[in-house]
Amino acid sequence: MRADSERTVRKILEAAERVLAANPAATMEQLAQAAGVARTTVHRRFATREALLDELTGWAARQFADAVDAARPDAAPPLVALYQVTANVLRVKTGWSFAMNRTAGDAHPEAARIHAEVRARCVRLFRRAQEAGVLRPDIDLDWTRRVYYALIHEAAGEDTGGDADADALATRVVDTLLRGAGAAAGLAGQPGM
């Protein structure tokens, strides 16, 4: 019985993500229809629309953390881990775009805790990358993390016709992070810099 209940909840959450990504104002009835269950089934699992949205936010945050963990950022070689974390996170962000971009996520205690843990892991990974010579020794790691997050956000939002290739996007993000967009390796020592 419990496995059936978990499958039903997952089915509802996956349908809610699809429908809400296309129409954030969708009703509980529309979500139930997309999940292929009765509206009463949705209401039995989630008393309110807000309760469903909160669970969706928590679910997406857990998917996000699992994606980071799967890349082994504390054990894999830093460059390999950076690429794999990026590809895994892009898969989650493109698959769970509504829930991952929901502003209420900051108010969701579990999601906030998970995102803080992932931020800390990202800083550790960047520190390892810096120690391995992948990142410059003088780079500001917090700034680099914020730029990296912005690159991921932009890549996840890129209109690829619904056929986003996370590996290709990850390559683009990591390449842009590590090489930048300039013709020269750096501006230090350039006239006027």
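The values are calculated or read from the model by the stated rules, or taken from the named source; none is laboratory data. Only a predicted model underlies this, so the values are computations on that prediction, with no experimental measurement involved. Neighbour counts are summed over all protein chains in view; Cβ atoms, including those assigned to glycine, are modelled from backbone coordinates with ideal geometry.
Points to keep in mind about this one:
- Some residue of segment 143-153 being exposed (fewer than 11 other Cβ atoms within 10 Å of the Cβ), at negative phi and modelled with pLDDT under 90: no
- The listed residue being of a type outside the set (S, T, N, Q), surrounded by 19 or more Cβ atoms within 10 Å (Cβ to Cβ), touching a helix residue (DSSP H, G or I) at 6+ places or on another chain (Cβ under 6 Å) and within 26 Å of Asp165 (Cα to Cα), out of Val68, Val42: Val68
- If you check Ala99, Ala65, Ala75 for being more than 29 Å from Ala25 (Cα to Cα) and assigned by TED's automatic domain parsing to the domain that holds Asp142, only one passes: Ala75.
- Output for segment 6-39, where each listed residue is farther than 22 Å from Met100 by Cβ, of a type in the set (D, E, K, R) and touching a helix residue (DSSP H, G or I) at 6+ places or on another chain (Cβ under 8 Å): Glu29, Arg39
- Which numbered condition Ser97 misses (of (1) crowded, with 20+ Cβ neighbours inside 10 Å; (2) at pLDDT below 90; (3) not aliphatic (A, V, I, L, M)): (1)
- Residue check for Ala15: small (Gly, Ala, Ser), within 30 Å of Glu117 (Cα to Cα) and surrounded by fewer than 16 Cβ atoms within 10 Å (Cβ to Cβ): no
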